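Enquirer: I'd like to ask you about the structure that follows.
The values are calculated or read from the model by the stated rules, or taken from the named source; none is laboratory data. In this text the structure is predicted, and so the values were computed from the model without any measurement. Here the Cβ is made from the backbone with ideal geometry for all residues, glycine too, and neighbour counts use every protein chain on show.
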Amino acid sequence: MSAAAGVTVRVPAKVNVQLAVGAARPDGFHDLANVFLAVGLYDEVTATPADGLRITCEGPDSDQVPLDRTNLAARAAALLAARHGLEPAVHLHIAKRIPVAGGMAGGSADGAGALLACDALWGLGTPREELLAICAELGSDVPFSLVGEAALGTGRGELLTPVAAGRFHWVFAVAEGGLSTPAVFREFDRLTAGQDVPAPEASPALLAALASGDPDALAGELSNGLQAAALSLRPELAATLAAGTEAGALAALVSGSGPTTAFLVRDEESALKVAAALEASGTCRTTRTAPSPAPGATVLPA
Ligand code: C5P
């Protein structure tokens, strides 16, 4: 296919290896120290010319993906087109592998993917800084979907500084149903009401372990400030975390706002073993295995 016929962009999922959450700000968001790690589990977004804006989706959970203008892919196309005085006349097809509403930034991935695909399809050559600004407008996690690899996100998570990451292996347990990110943050506020919530800070020990590529070191440093809130809303996730640890995972945590749970494992062989044990445990719907880090949104060769 020539670029005029269609552009496909591949975008990774993420796991947060540290998610430190501050108190709610006046604008309702929370300041974060959010160490993002992209994992090799991808959605693909293909943009082709069309009469109007249209979204389609394929994949095991595609029935859970909104196909209207609330989809971040649609919002990305509309925002980019509006900036250039264009009509968003594009068909966006999403091949979905990232769990939906799972705390792995699947919606954000589709937003970043659509932005890059439309930019290429329409031949705009938008500078990187401007693409990142549009991503931040779309959502707090969207800039990271564009850049991938590993990064510290501050502010509400959108201000990124790249950090070093060695290679690690992960298993993800996909839960039945999704969790709403705003609902998890509201639960965080409820659980911390009346407490002095410290300003969030990246952990030097976590960053050193991430850079080292030593899974035993990283296992001792993983943390998620939203985990208590996610478990409060979905207590059954505790059994999933326990099942993965019993099966030999080095560490287990909720991925972002959940309900996907993430398991750090020693190697690929251990990943397959832990994934099989999790599936057999009956405490999750399905599993995925993936290495990290992974590149950010990338236009695939035509
Ligand atoms: O930025 P995004 O649209 O992904 O955020 C979704 C919701 O998650 C926000 O409306 C807010 O309720 C919550 N959130 C937050 N603090 C952040 C990021 C998200 O409270 N840093």
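Enquirer: If I ask for residues that are touching a residue at least 24 places away in the same chain (Cβ under 8 Å), among the small types (Gly, Ala, Ser) and either closer than 28 Å to residue 203 by Cα or within 16 Å of the ligand (Cβ to nearest atom) (or both), which ones from the range 114-135 would you list?
Expert: 114, the sole residue that qualifies.
Enquirer: Quick test for you: out of 138, 146, pick the one residue that is more than 11 Å from the ligand (Cβ to nearest atom), under 24 Å from residue 78 (Cα atoms), in contact (Cβ under 8 Å) with a residue 60 or more places away in the chain and touching a Gly at 6+ places or on another chain (Cβ under 7 Å).
Expert: The match here is 146.
Enquirer: Looking at 231, 160, can you tell me which residue is modelled with pLDDT of 95 or more, farther than 23 Å from residue 288 by Cα and not small (Gly, Ala, Ser)?
Expert: Within the list 231, 160, the selection yields 160.
Enquirer: If I ask for residues that are crowded, with 24+ Cβ neighbours inside 10 Å, in contact with a strand residue (DSSP E or B) (Cβ under 8 Å, 6 or more places away or on another chain) and more than 19 Å from residue 174 (Cα to Cα), which ones from the range 95-120 would you list?
Expert: 112, 113, 114, 116, 117, 118
Enquirer: Now, a different point. Going by what's in this entry, would residue 72 be described as out of contact with any Cys (no Cβ under 8 Å at 6 or more places or on another chain), in contact (Cβ under 8 Å) with a residue 40 or more places away in the chain, closer than 22 Å to residue 12 by Cα and within 16 Å of the ligand (Cβ to nearest atom)?
Expert: Spelling it out, residue 72 is indeed out of contact with any Cys (no Cβ under 8 Å at 6 or more places or on another chain), in contact (Cβ under 8 Å) with a residue 40 or more places away in the chain, closer than 22 Å to residue 12 by Cα and within 16 Å of the ligand (Cβ to nearest atom).
Enquirer: All but one of (1) in a loop (DSSP other than H, G, I, E, B); (2) within 11 Å of the ligand (Cβ to nearest atom); (3) without any contact (Cβ under 8 Å) to a residue 12 or more places away in the chain hold for residue 182, so report the exception by its number.
Expert: For residue 182, the exception is condition (1).
Enquirer: Another one. If I go through the range 149-165 residue by residue, how many of them are part of a loop (DSSP other than H, G, I, E, B), on the phi < 0 side of the Ramachandran plot and within 16 Å of the ligand (Cβ to nearest atom)?
Expert: The total comes to 2.
Enquirer: If I filter the range 186-211 down to residues being more than 16 Å from the ligand (Cβ to nearest atom) and over 15 Å from residue 18 (Cβ atoms), which single residue comes out as surrounded by the fewest Cβ atoms within 10 Å (Cβ to Cβ)?
Expert: 194
Rundown of residues vs (1) without any contact (Cβ under 8 Å) to a residue 12 or more places away in the chain; (2) within 13 Å of the ligand (Cβ to nearest atom); (3) on the phi > 0 side of the Ramachandran plot, yes/no style:
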site	(1), (2), (3)
82	yes, no, no
91	no, no, no
106	no, yes, no
167	no, no, no
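Enquirer: Related question: Going by the conditions given, is residue 205 outside any strand (DSSP E or B) and within 30 Å of residue 63 (Cα to Cα)?
Expert: Answer is no for this residue.
Enquirer: Among (1) in a loop (DSSP other than H, G, I, E, B); (2) touching a residue at least 24 places away in the same chain (Cβ under 8 Å); (3) within 14 Å of the ligand (Cβ to nearest atom), where does residue 34 come up short?
Expert: (1)
Enquirer: What is the residue count in the range 16-31 for residues that are under 19 Å from the mean Cα position of the chain (by Cα) and within 16 Å of the ligand (Cβ to nearest atom)?
Expert: Qualifying residue count, the range 16-31: 8.
Enquirer: Considering 53, 41, 86, which residue is at pLDDT 95 or above and in contact with a helix residue (DSSP H, G or I) (Cβ under 7 Å, 6 or more places away or on another chain)?
Expert: Just a single option satisfies the conditions, and that option is 53.
Enquirer: Out of all the residues in the range 68-125, which are part of a helix (DSSP H, G or I) and not aliphatic (A, V, I, L, M)?
Expert: Scanning the range 68-125 gives 75, 83, 106, 107, 108, 110, 111, 113, 118, 119.
Enquirer: Looking at 302, 271, 249, which is the one that is more than 16 Å from the chain's Cα centre (by Cα), part of a helix (DSSP H, G or I) and of a type outside the set (Asp, Glu)?
Expert: After ruling out the rest, the residue left standing is 271.
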